[in-house]
Amino acid sequence: MSALTRFDPMDDFFPEFFRRLARPLAFDAELPAEIRVDVSENDKEFLVSAELPGARRDDIRVEIDGNLVTITAEARKDVEDQHAEGGRALLRETWRGRTTRTFTLSQDVDDQAASARLEDGVLRLTLPKRAGTSSKQLAIQ
């Protein structure tokens, strides 16, 4: 089976031209435009791993509302002036970026028992399932 691709005559005609125009607006590679997550579960909890390279612990916010989880991260990179006294800065590269990812889980989360830790640019969430909200499969007649 072959993969389907969308045909865009302008992008196909000038692909490199349009890529160069978009580069200054592109997000830096240190914090991806979309947070990549891996979600797994067992009988008691959901386990979430989210890649957040370049984000510090103080710049990450996790919100839980029932079965809705939102992760927001901000990354900053400030390059200090490293020129001789009396000199002037000819180039300063400073950037900031913010990204958000929201997803739903199959069951509500016990937000009081949830925990989060950041290790080597990976946010790890342990989200216990709320008791009494198990799903039921209906028999089709």
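Within region 113-130, the set of residues being over 18 Å from R36 (Cβ atoms), surrounded by 15 or more Cβ atoms within 10 Å (Cβ to Cβ) and small (G, A, S) comprises A114 only. Residues in region 50-105 that are modelled with pLDDT of 90 or more and among the small types (G, A, S): A50, G66, A73.
Scan region 22-30 and give yes if some residue there is at pLDDT 85 or above and surrounded by 14 or more Cβ atoms within 10 Å (Cβ to Cβ), otherwise no. For region 22-30, residues at pLDDT 85 or above and surrounded by 14 or more Cβ atoms within 10 Å (Cβ to Cβ): absent.
Of the strands (runs of 3 or more DSSP E) that lie entirely inside region 39-80, not one contains 3 or more residues that are among the charged types (D, E, K, R), in contact (Cβ under 8 Å) with a residue 24 or more places away in the chain and touching a His at 6+ places or on another chain (Cβ under 9 Å).
The values are calculated or read from the model by the stated rules, or taken from the named source; none is laboratory data. Every value quoted in this text rests on a predicted model; they were computed, and no experiment measured them. Counting neighbours? That spans all protein chains shown, and the Cβs are built from the backbone with ideal geometry, glycine included.
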